[in-house]
1. Condition first: open to solvent by 40 Å² or more (accessible area, probe 1.4 Å) and either of a type in the set (Phe, Trp, Tyr) or touching a strand residue (DSSP E or B) at 6+ places or on another chain (Cβ under 7 Å) (or both). Now tell me which residues in the range 50-83 satisfy that.
2. Considering each residue of the range 94-116, count those that are surrounded by fewer than 12 Cβ atoms within 10 Å (Cβ to Cβ) and free of Cβ contacts under 8 Å to residues at least 24 places away in the same chain, and give that number.
3. Which of the residues belonging to the range 19-31 are modelled with pLDDT of 70 or more and open to solvent by 80 Å² or more (accessible area, probe 1.4 Å)?
4. Condition check: modelled with pLDDT under 95 and either open to solvent by 70 Å² or more (accessible area, probe 1.4 Å) or closer than 21 Å to residue 35 by Cα (or both). Does residue 90 satisfy that?
5. Could you pull out every one of the helices (runs of 4 or more DSSP H) wholly within the range 60-127 that has 3 or more residues that are in contact with a Phe, Trp or Tyr (Cβ under 7 Å, 6 or more places away or on another chain) and within 23 Å of residue 41 (Cα to Cα)?
6. Output the number of the condition that residue 60 fails; it satisfies all remaining conditions of (1) without any contact (Cβ under 8 Å) to a residue 60 or more places away in the chain; (2) under 11 Å from the mean Cα position of the chain (by Cα).
7. When you check residue 66 against the structure, is it out of contact with any Lys or Arg (no Cβ under 8 Å at 6 or more places or on another chain) and modelled with pLDDT of 95 or more, yes or no?
8. Does the range 32-49 hold any residues that are closer than 30 Å to residue 100 by Cα, open to solvent by 40 Å² or more (accessible area, probe 1.4 Å) and modelled with pLDDT of 75 or more, and which are they?
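The values are calculated or read from the model by the stated rules, or taken from the named source; none is laboratory data. These figures come from a predicted structure and were not determined experimentally. Glycine also receives a Cβ, built like all others from the backbone with ideal geometry; neighbour counts cover every protein chain displayed. Side chains are part of the model used for accessible areas, which takes the heavy atoms of the whole protein and leaves out ligands, DNA and RNA. Shrake-Rupley method; radii C 1.70, N 1.55, O 1.52, S 1.80 Å.
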Amino acid sequence: GSLGRELGLHLKKNNIKLDFAGLDTSAYYKAEMNEITFLGQRALRNHDAYHVLLNLGVSAMDECALAAVQLAQFASPVYSTLVASWILHFIYVKPEGMREVLDVTARNYELGKRLVFLPGFRLEDHW
């Protein structure tokens, strides 16, 4: 199906609402608009579409995979911290899964380096 249809199915299946309830997104809207702010807003708004494009679910491992892709694309401290947090989460919660999370992280980091820059990809043209 189309990206829009697949995104709708993903949102419905996972009971995801796009209202950002409970998340304080004001920093994005109060900041001076520049390229970095724009890309941050775009990444936040398109987060669930990235799950669909990358065929990821919403498990903790899938969130770690997406963070690794974004780390490869942005090379930012934010995504470095996210990836490190997910790895520490798995080491603490499920130490026997450490190899898996490291493999997923490495594989998706490499994928992120090969992919088109996601925030620059015009999702609007593929609904």
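1. Result: 74, single match.
2. Residues that pass the stated criteria total 6.
3. Matches in the range 19-31: 24, 30.
4. Values: modelled with pLDDT under 95: yes; either open to solvent by 70 Å² or more (accessible area, probe 1.4 Å) or closer than 21 Å to residue 35 by Cα (or both): no.
When the stated conditions are applied, residue 90 does not pass them.
5. Values: elements: 60-74, 77-93, 98-114.
Of the helices (runs of 4 or more DSSP H) lying wholly inside the range 60-127, those with at least 3 residues that are in contact with a Phe, Trp or Tyr (Cβ under 7 Å, 6 or more places away or on another chain) and within 23 Å of residue 41 (Cα to Cα) span 60-74.
6. Of everything listed in (1) without any contact (Cβ under 8 Å) to a residue 60 or more places away in the chain; (2) under 11 Å from the mean Cα position of the chain (by Cα), residue 60 misses just condition (2).
7. Working: out of contact with any Lys or Arg (no Cβ under 8 Å at 6 or more places or on another chain): yes; modelled with pLDDT of 95 or more: yes.
It is true that residue 66 is out of contact with any Lys or Arg (no Cβ under 8 Å at 6 or more places or on another chain) and modelled with pLDDT of 95 or more.
8. Once the filter is applied, which keeps residues that are closer than 30 Å to residue 100 by Cα, open to solvent by 40 Å² or more (accessible area, probe 1.4 Å) and modelled with pLDDT of 75 or more, the range 32-49 yields 45, 47.
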